[in-house]
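Trainee: This structure is in structure tokens; I'll ask about it shortly.
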Amino acid sequence: MISVGVIGATGYAGSELMRLLVNHPQVEKIVAASQSYNGEAFSAIYPNFYKIYDTPLVGADIPALVKEVDLLFLSLPHNVSSQYLSHAHLEECVVIDLGADFRLQNVEVYEKWYNTTHPNPALVKEAVYGLCELYREELKGANLIANPGCYTTTSILTAWPLLMEGLIEEESIVIDAKSGVSGAGRGEKLTSLYSECNESIKAYGVTTHRHTPEIEEYLSLAASKGRRRDGITLSFTPHLIPMNRGILVSLYAKLKRGVTFERVESAYQKWYQDEKFIRLLPPGILPETRWVKGTNFCDINYVVDGRTNTLIAFGALDNLVKGAAGQAVQNMNIRFNFPETSGLEALGAFPI
């Protein structure tokens, strides 16, 4: 049994963490923290927690919380966690950061895409990328885990076997991604208002989205079989869809000469057939966001277009669960040697 803290508990990802943690069989104590709502009952912010977790929120004090808990989740905007986190804190407890500050190993790339100066570049080298299915062994001993985001998780998992097995032309990759509105966070934004996004779909962050270099970095590792090098440059375009939750990625790439559907199938089976949270769907059944809503599953399938020699692969997940809080809990389970599915077994409700 462990005690955990959640800084940023009142955001969408933070509240989803709370929902998963209150029912987790190995979590005996939760400390929810928020600078904006310090002192208010958590259930007053999220009434679905009434009589489940009514405890008042505490201040977002990292030095104090690392002394109180075994694991601290940080669900904060970029360039915040790294300002206040130190190596000494990591000696006190394990930290899982849901923000972007420790995901990219190349600090210069981070500073370019996030248009800022990294406050703590020395700590970047201590972080392990928390994409559970790919870095499980490294996570077991990590005290700083960089939890991936929703677009990156879907994109990397969908593409990884194809690059590890050398089946597609690296320069041909195009990723078209669509996300529900909760991906923009809980803060008030004009573009997230109901009347602004309902009955509409739009592209945004075209050629500039901050998840692009993260996808490129880890897919380059796949293409080079784990050796760090400058590698893949791809086209990534996100879209906003008028729904609350969900990510759907459509990946297009040219197959290398002689690659068949059977080789593609074999690659996905090799990498994912034993994974609890990756579901390779039957032929002809393509992923849909409604089947993964509220779950920690990532559904994947693919089609080979023989006419154009193009592979079209699809991945779907819930951006707040496998794309954020669920993956963070999965990382917790791996790090503390709990059953990896613990607290994450629930199926999604349907219809919803």
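Trainee: Got a sec? Which of ALA32, ALA41 is assigned by TED's automatic domain parsing to the domain that holds GLU91, buried (at least 24 other Cβ atoms within 10 Å of the Cβ), at pLDDT 95 or above and small (Gly, Ala, Ser)? It would help to see each step written out before you state the result.
Mentor: Details: ALA41 fails: buried (at least 24 other Cβ atoms within 10 Å of the Cβ).
When all the criteria are applied, what remains is ALA32.
Trainee: Of the residues in the range 250-288, how many are small (Gly, Ala, Ser), surrounded by fewer than 17 Cβ atoms within 10 Å (Cβ to Cβ) and either touching a helix residue (DSSP H, G or I) at 6+ places or on another chain (Cβ under 7 Å) or more than 11 Å from TYR302 (Cα to Cα) (or both)?
Mentor: Adding up the residues that qualify gives 2.
Trainee: Residue under question is VAL69, and the condition is that it be over 22 Å from the mean Cα position of the chain (by Cα) and not in a strand (DSSP E or B); does it hold? Step through it out loud before you land on a result.
Mentor: Working: over 22 Å from the mean Cα position of the chain (by Cα): yes; not in a strand (DSSP E or B): yes.
Spelling it out, VAL69 is indeed over 22 Å from the mean Cα position of the chain (by Cα) and not in a strand (DSSP E or B).
Trainee: Restricting to the range 330-352, give me the number of residues that are modelled with pLDDT under 95 and closer than 17 Å to CYS298 by Cβ.
Mentor: So in the range 330-352, the residues modelled with pLDDT under 95 come out as 345-352.
Narrowing the set further to residues that are closer than 17 Å to CYS298 by Cβ leaves 345-348.
Qualifying residue count, the range 330-352: 4.
Trainee: If you don't mind, another one. Collect the residues in the range 159-174 that are assigned to a helix (DSSP H, G or I) and in contact with a strand residue (DSSP E or B) (Cβ under 7 Å, 6 or more places away or on another chain), keeping them in residue-number order. Steps first, answer last, please.
Mentor: Let us first name the residues in the range 159-174 that are assigned to a helix (DSSP H, G or I), namely 159-164, 170-172.
Correct list: ALA159, LEU162, SER172.
Trainee: Something else now. What number of residues in the range 8-42 are assigned to a loop (DSSP other than H, G, I, E, B), in contact (Cβ under 8 Å) with a residue 40 or more places away in the chain and among the small types (Gly, Ala, Ser)? Talk me through it step by step, then tell me what you get.
Mentor: Our first condition is that a residue be assigned to a loop (DSSP other than H, G, I, E, B); within the range 8-42, this holds for 8-11, 22-26, 34-40.
Right, trim to in contact (Cβ under 8 Å) with a residue 40 or more places away in the chain and you get 8-11, 23-26.
Those still in the list that are among the small types (Gly, Ala, Ser) too: 8-9, 11.
Residues flagged as assigned to a loop (DSSP other than H, G, I, E, B), in contact (Cβ under 8 Å) with a residue 40 or more places away in the chain and among the small types (Gly, Ala, Ser) within the range 8-42 amount to 3.
Trainee: Tell me, yes or no, whether the range 126-145 has at least one residue that is over 30 Å from VAL292 (Cα atoms) and either over 11 Å from the mean Cα position of the chain (by Cα) or touching a residue at least 12 places away in the same chain (Cβ under 8 Å) (or both). Reasoning before the result, please.
Mentor: In the first step, residues of the range 126-145 are kept if they are over 30 Å from VAL292 (Cα atoms); the result is 126.
Checking which are either over 11 Å from the mean Cα position of the chain (by Cα) or touching a residue at least 12 places away in the same chain (Cβ under 8 Å) (or both) leaves us with 126.
Checked against the condition, which is being over 30 Å from VAL292 (Cα atoms) and either over 11 Å from the mean Cα position of the chain (by Cα) or touching a residue at least 12 places away in the same chain (Cβ under 8 Å) (or both), the range 126-145 yields at least one hit.
Trainee: Name the residue that is nearest to ILE2 (Cα to Cα), counting only residues in the range 72-98 that are β-branched (Val, Ile, Thr) and not in a loop (DSSP other than H, G, I, E, B). Steps first, please.
Mentor: Start the filter on the range 72-98 by keeping residues that are β-branched (Val, Ile, Thr), which leaves 80, 94-96.
Right, trim to not in a loop (DSSP other than H, G, I, E, B) and you get 94-96.
Numbers: VAL94: 11, VAL95: 13, ILE96: 14 Å.
Result: VAL94.
Trainee: Do any residues in the range 51-77 that are basic (Lys, Arg) have Cβ atoms under 9 Å from those of residues that are part of a helix (DSSP H, G or I), where the two are at least six apart or on different chains, and which pairs are they?
Mentor: LYS51/SER43; LYS67/GLU92
Trainee: Here is a follow-up. Could you list, in sequence order, all residues of the range 177-207 that are part of a loop (DSSP other than H, G, I, E, B), touching a residue at least 40 places away in the same chain (Cβ under 8 Å) and more than 26 Å from ALA9 (Cβ to Cβ)?
Mentor: Result: ASN198, GLU199, SER200, ILE201.
Trainee: To continue, here is another question. Any residue at all in the range 49-66 that is surrounded by fewer than 18 Cβ atoms within 10 Å (Cβ to Cβ), of a type outside the set (S, T, N, Q) and touching a helix residue (DSSP H, G or I) at 6+ places or on another chain (Cβ under 6 Å)?
Mentor: First, pick out the residues of the range 49-66 that are surrounded by fewer than 18 Cβ atoms within 10 Å (Cβ to Cβ): 50-52, 54-56, 59, 61, 63-64.
After this cut, where a residue has to be of a type outside the set (S, T, N, Q) as well, the list is 50-52, 54, 56, 59, 61, 63-64.
In the following step, the residues that additionally are touching a helix residue (DSSP H, G or I) at 6+ places or on another chain (Cβ under 6 Å) were identified as 50, 54.
Checking the range 49-66: at least one residue is surrounded by fewer than 18 Cβ atoms within 10 Å (Cβ to Cβ), of a type outside the set (S, T, N, Q) and touching a helix residue (DSSP H, G or I) at 6+ places or on another chain (Cβ under 6 Å).
Trainee: To continue, here is another question. Among the listed residues ASP54, ASP101, identify the single one that is charged (D, E, K, R), outside any helix (DSSP H, G or I), assigned by TED's automatic domain parsing to the domain that holds GLN35 and under 24 Å from CYS132 (Cβ atoms).
Mentor: Numbers: ASP54 fails: under 24 Å from CYS132 (Cβ atoms).
Going through ASP54, ASP101 in turn, just one is charged (D, E, K, R), outside any helix (DSSP H, G or I), assigned by TED's automatic domain parsing to the domain that holds GLN35 and under 24 Å from CYS132 (Cβ atoms): ASP101.
Trainee: Run down THR260, THR289, THR295 and say which single residue is over 30 Å from PRO77 (Cα atoms) and in contact with a strand residue (DSSP E or B) (Cβ under 9 Å, 6 or more places away or on another chain). Give the steps one after another, and end with the answer.
Mentor: Details: THR289 fails: over 30 Å from PRO77 (Cα atoms); THR295 fails: over 30 Å from PRO77 (Cα atoms).
THR260 is the lone residue from the list that is over 30 Å from PRO77 (Cα atoms) and in contact with a strand residue (DSSP E or B) (Cβ under 9 Å, 6 or more places away or on another chain).
Trainee: Give the residues of the range 301-338 that are surrounded by 24 or more Cβ atoms within 10 Å (Cβ to Cβ) and of a type in the set (Val, Ile, Thr), sorted by residue number.
Mentor: VAL321, VAL329
Trainee: Now for a different question. Under the condition of being in contact with a Leu (Cβ under 9 Å, 6 or more places away or on another chain) and part of a loop (DSSP other than H, G, I, E, B), which residue from the range 139-158 is nearest to TYR218 (Cα to Cα)?
Mentor: Out of the qualifying residues, it is PRO148.
Trainee: Regarding ILE241, is this residue assigned by TED's automatic domain parsing to the domain that holds TRP291 and either within 15 Å of the chain's Cα centre (by Cα) or surrounded by fewer than 24 Cβ atoms within 10 Å (Cβ to Cβ) (or both)? Walk me through how you get there before you give the answer.
Mentor: Details: assigned by TED's automatic domain parsing to the domain that holds TRP291: yes; either within 15 Å of the chain's Cα centre (by Cα) or surrounded by fewer than 24 Cβ atoms within 10 Å (Cβ to Cβ) (or both): yes.
In short, yes.
Trainee: Follow-up question, since we're still on this one. Would you mention how many residues in the range 285-305 are hydrophobic (A, V, I, L, M, F, W, C) and within 22 Å of ARG263 (Cβ to Cβ)?
Mentor: Applying the first criterion (hydrophobic (A, V, I, L, M, F, W, C)) to the range 285-305 yields 285-286, 291-292, 297-298, 300, 303-304.
With within 22 Å of ARG263 (Cβ to Cβ) added as a condition, the list becomes 285-286, 298, 300, 303-304.
Total satisfying the criteria: 6.
Trainee: Might you check whether a residue that is within 22 Å of TYR12 (Cα to Cα) and of a type in the set (Phe, Trp, Tyr) occurs anywhere in the range 252-263? Before the answer, list the steps.
Mentor: Of the range 252-263, the ones within 22 Å of TYR12 (Cα to Cα) are none.
No: zero hits.
The values are calculated or read from the model by the stated rules, or taken from the named source; none is laboratory data. Remember, it's a predicted structure, so these values are computed and weren't measured experimentally. When we count neighbours, we look across all protein chains shown, and the Cβ atoms used for this are built from the backbone with ideal geometry, even at glycine.
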